[in-house]
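Asks: Below is a structure I'd like to ask you about.
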Amino acid sequence: MKDKRIVFILCMNIIEIFAIVFFVIFAVKNRYTISYEDYFMGVVEIKIETTDGKNGYATGFKIENGILTNKHVIQKNNNYYKSIEYRNANETGYNVINKENIIVDDSSDLAFINMETNNCLKLTDSFTLGDSIFTIGNPNGCGLGLSFGYVSAYNYSENFEMNVIRLDCSLNNGNSGGPVINKNGCVIGIVSFKINDLQGNALDGIAYAIPSNEIMRFLQKCFRA
């Protein structure tokens with residue numbers, strides 16, 4: 001009788017352990033699913049039309065009082081594209097962007113679209129080499145999607161005359177303007193450009209982002225204007 005009681009207690013302990021493990025896995029899985037969905041609501045798809053009728057696609061993300069994206073997304077040779085539109089993650093149609101509400105930074109690849117926003121993402125200038133990150137972007141106009149990677153370097157860029165974040169991450173045309181988000185859910189930078197190999201082809205797995213401290217400087221100038 002005593003042996004049966006011991007076996008029963010052991011079985012109950014094993015069941016309890018499995019229940020705890022299952023609960024933890026389920027909770028973590030659902031927590032990240034909900035988090036990613038929340039981040040998607042803070043990102044927008046951007047669509048432009050050139051003067052010859054061709055369409056291009058990119059990304060932007062919401063911060064307080066507006067949408068942040070790259071200058072090269074909305075301008076070419078310092079001239080705005082014929083039309084610039086955006087749509088939220090839960091929308092099918094596009095919304096026209098009033099060019100009078102756009103502020104660009106001639107010294108960096110940044111643009112701010114002044115408008116009312118919700119589901120805003122938070123900026124942080126805190127990151128270290130090796131940090132896990134993810135981005136949300138609109139590659140080739142296929143719609144918003146996730147990409148995962150790491151912070152691999154923090155280098156000086158002669159093109160922008162400032163430090164930029166190098167990402168070990170697979171990104172494509174259309175990801176420009178997307179947020180680079182750390183494990184704490186804060187934006188450490190904005191996807192900006194890739195580099196080419198000696199044959200002129202874009203290198204896979206390497207991308208660069210303008211860090212949030214530069215974004216903050218740009219926004220300070222915007223709000224002072």
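Asks: Go through N65, N98, N90, N77 for me and flag whichever is on the phi > 0 side of the Ramachandran plot and surrounded by fewer than 14 Cβ atoms within 10 Å (Cβ to Cβ).
Replies: N77
Asks: Then there's this: Here are the criteria: (1) over 19 Å from D125 (Cβ atoms); (2) among the charged types (D, E, K, R); (3) loosely packed, with under 15 Cβ neighbours inside 10 Å. Tell me which single one K221 does not satisfy.
Replies: Only one criterion in (1) over 19 Å from D125 (Cβ atoms); (2) among the charged types (D, E, K, R); (3) loosely packed, with under 15 Cβ neighbours inside 10 Å is unmet by K221, namely (1).
Asks: Just to check your reading of the model, which residue among N90, N70 is farther than 20 Å from N173 by Cα and within 20 Å of the chain's Cα centre (by Cα)?
Replies: N90
Asks: From (1) of a type in the set (A, V, I, L, M); (2) in contact with a strand residue (DSSP E or B) (Cβ under 6 Å, 6 or more places away or on another chain); (3) modelled with pLDDT under 95, pick out the condition that doesn't hold for L123.
Replies: Only one criterion is unmet by L123, namely (3).
Asks: Can we say V104 is part of a strand (DSSP E or B) and either not hydrophobic (A, V, I, L, M, F, W, C) or not assigned by TED's automatic domain parsing to the domain that holds G137 (or both)?
Replies: Criteria met by V104.
Asks: Tally the residues that are over 16 Å from the mean Cα position of the chain (by Cα) and either surrounded by 18 or more Cβ atoms within 10 Å (Cβ to Cβ) or of a type in the set (G, A, S) (or both), restricting the search to the range 104-116.
Replies: Total satisfying the criteria: 5.
Asks: Would it be correct to say that G145 is free of Cβ contacts under 8 Å to residues at least 24 places away in the same chain and in contact with a helix residue (DSSP H, G or I) (Cβ under 7 Å, 6 or more places away or on another chain)?
Replies: Against the criterion (free of Cβ contacts under 8 Å to residues at least 24 places away in the same chain and in contact with a helix residue (DSSP H, G or I) (Cβ under 7 Å, 6 or more places away or on another chain)), G145 qualifies.
Asks: Still on this structure, I have one more. Would you check if there is a residue in the range 198-205 being over 15 Å from F61 (Cα atoms), at pLDDT 90 or above and not assigned by TED's automatic domain parsing to the domain that holds I102?
Replies: No, every residue in the range 198-205 fails to be over 15 Å from F61 (Cα atoms), at pLDDT 90 or above and not assigned by TED's automatic domain parsing to the domain that holds I102.
Yes/no matrix, rows are residues, columns are (1) closer than 22 Å to I74 by Cα; (2) of a type in the set (A, V, I, L, M); (3) surrounded by 15 or more Cβ atoms within 10 Å (Cβ to Cβ):
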{"site": "S147", "(1), (2), (3)": "no, no, yes"}
{"site": "E161", "(1), (2), (3)": "yes, no, no"}
{"site": "S170", "(1), (2), (3)": "no, no, yes"}
{"site": "G174", "(1), (2), (3)": "yes, no, yes"}
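The values are calculated or read from the model by the stated rules, or taken from the named source; none is laboratory data. Small disclaimer: the values here were computed from a predicted structure and weren't measured. Every residue, glycine among them, receives a Cβ derived from its backbone with ideal geometry; neighbour counts consider all protein chains shown.
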